Amino acid sequence: MSAVNDVVLLLQEALGTAVDLSPASREAARADRSGHRAAAAPLAVVHARSVTDVQAVMRIATETRTPVVIRGAGTGLAGAGLAGAGSICLSLTEMNRIVEIRPADQLAVVEPGIINADLNAALAEHGLWWAPDPASREISTVGGNIATGAGGLLCAKYGVVRDAVLGVDVVLSDGELVRFGHRTVKGVTGYDLTALMVGSEGTLGVVVGATLKLRPLVSGETCTVAAVFTDLRSAAAATSAVTAAGIQPAILELMDAHSVRAVHDLLALPQPPAGTVHVTAQTDGPSAVIEADAIAAILGAHGAIVEVTADPMRGAELLRIRRSMHPAMAALGTTLIEDVSVPRSRLADMFDEIARIEREYDLLIPVVAHAGDGNLHPNFIFDGPDVPARVWDAASDLFRSALRLGGTLTGEHGVGILKARWLREELGDRQWRLQREIKRVFDPLGILAPGAVFDDPAPDRATPKGER
């Protein structure tokens, strides 16, 4: 019997019907929402239903030296969830229970497969919410949010996933279950291994449970500010001025002219004048009206035409334009969705760099930015299923431009496979080696997430193909 058959047989003996060998499931595991795919399908997809199932998979993987790729809803944008040839795809989507909600302590204990929006719908009944708000919140899992260190529209005020996780339950590569963190708001015993797991992209262990830090639902009014600019640099400078003034809106988003035009096409809205740039802000809580008026004054002083509304329906209509960005990009062609962050004061400079890259590489690169925290999402648009060489060259230029401006390769999507080749440039040799050593402590056999983040690329994951 071949080694491949041995692995599959061991999985079937231990896990029965949880082992999925169907061509459709194995094929789906090759791709995620990065638009890329592994060159071949995994050995099997295991739909874990319990911690015991996860432990069984990891024990078999350790015994047989078989790579494991952990997968949630497949909404990742950096390729860390692509399961390729010779690997086991460990799916956690069926581990989707809310184990406990403790309103008095403002915490919840959940399994990793629960959808972000479903969790918040359940929490709302208790007057609570979990703050991380990625654009994929209707379809992405909490486990996936933790794995990538997700952010979203609200993170400038309410923080990212790392700020909202008190503890995690983790199955290590050898199948042992460990618990990191606390159920208390404060706790500084030992190294912060919970924070280490957040954003680790499946390279250190399998998160099988999480203790989440909740917030009371925001009370008071919500105000929305919509501003129209005629040039991008003025809009970027205006958003930087908002943060410099000490105002902290819940949402502060910027859409360049390409993005505005594409969304108007998608939603069948009248096209605005050429070069129109949008800034959308939202304030909440007791000071919402005062803060909205202050933001409107700053944006207006930078040349914008500004609308302020406290009407929830009108506010939702204005935000709909921003939230329609991803489907609008998909309508333009194949999209490589990127993610860099720079200091907020350098936002206008980063937009200048993107405009230069567009010209030099003859590309269309619509950009939307979480302007409140300096996080930009350039979208490289091209024809056909494969990412052209000039797009990778342009992306490399983009990443290095962000680093020159004091920024980072990724603000919230993660490194995955797609950015691993540039990681050493940001970290430097010494830190890069230290982080690889941490990976080896947790995963001495190198079976978790082969080719992702710090590993040398696996043969079929090194240069993933673009495909929408």
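Bear in mind these aren't lab numbers, they're just calculated from the coordinates by the rules spelled out. Here the structure is a predicted model, which means the values were calculated and not measured. Cβ atoms come from the backbone with ideal geometry, glycine included; neighbour counts cover every protein chain shown.
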DSSP-defined antiparallel bridges as percent of all bridges, the range 3-94, nearest 5
25
The chain: relative contact order from alpha carbon pairs under 8 Å, six or more residues apart, as a whole percent, is 17
Working out 0.36 nm times the residue gap between GLU125 and THR230, then minus their Cα-Cα distance, what length gain in nm do you get to one decimal?
33.5 nm
Can you compute the helix-only [θ] at 222 nm over the chain? Use -39500 (n - 2.57) per DSSP H run of at least 4 residues, normalise by all residues, nearest 500 deg cm²/dmol.
-10500 deg cm²/dmol
On the formula 1/(1 + (r/R0)^6), with r taken between the Cβ atoms of ASP265 and THR408 and R0 of 30 Å, the FRET efficiency rounded to 0.05 is 0.40
Using alpha carbon positions and the Kirkwood radius, the Rg to Rh ratio of the chain is 0.97
What whole-number distance in Å separates the alpha-carbon centres of the range 1-69 and the range 145-211?
24
The range 193-251: proportion of alpha-carbon pairs further apart than 19 angstrom, %:
61
Shape of the range 325-468 from its Cα gyration tensor (a ≥ b ≥ c, root eigenvalues): rounded if a/c is under 1.5, otherwise prolate when a/b > b/c, or oblate?
oblate
Along its principal axes, what span do the Cα atoms of the range 142-301 show, with the longest given first and each in whole Å?
60, 35, 25
At what distance in angstrom do the alpha carbon centres of the range 74-108 and the range 329-372 lie from each other?
29
With contacts defined as alpha carbon pairs under 8 Å and 6 or more residues apart, what's the relative contact order of the range 3-94 in percent?
35
Work out, step by step, the length gained on full extension between ALA40 and VAL218: first 0.36 nm times the residue separation, then minus their alpha carbon distance; give nm to one decimal.
59.4 nm
Need the full-extension length gain, ARG320 to TRP392, defined as separation in residues times 0.36 nm minus the C-alpha distance. One decimal, nm.
22.8 nm
What's the center-to-center distance, using Cα atoms, between the range 244-322 and the range 383-434 in Å?
30
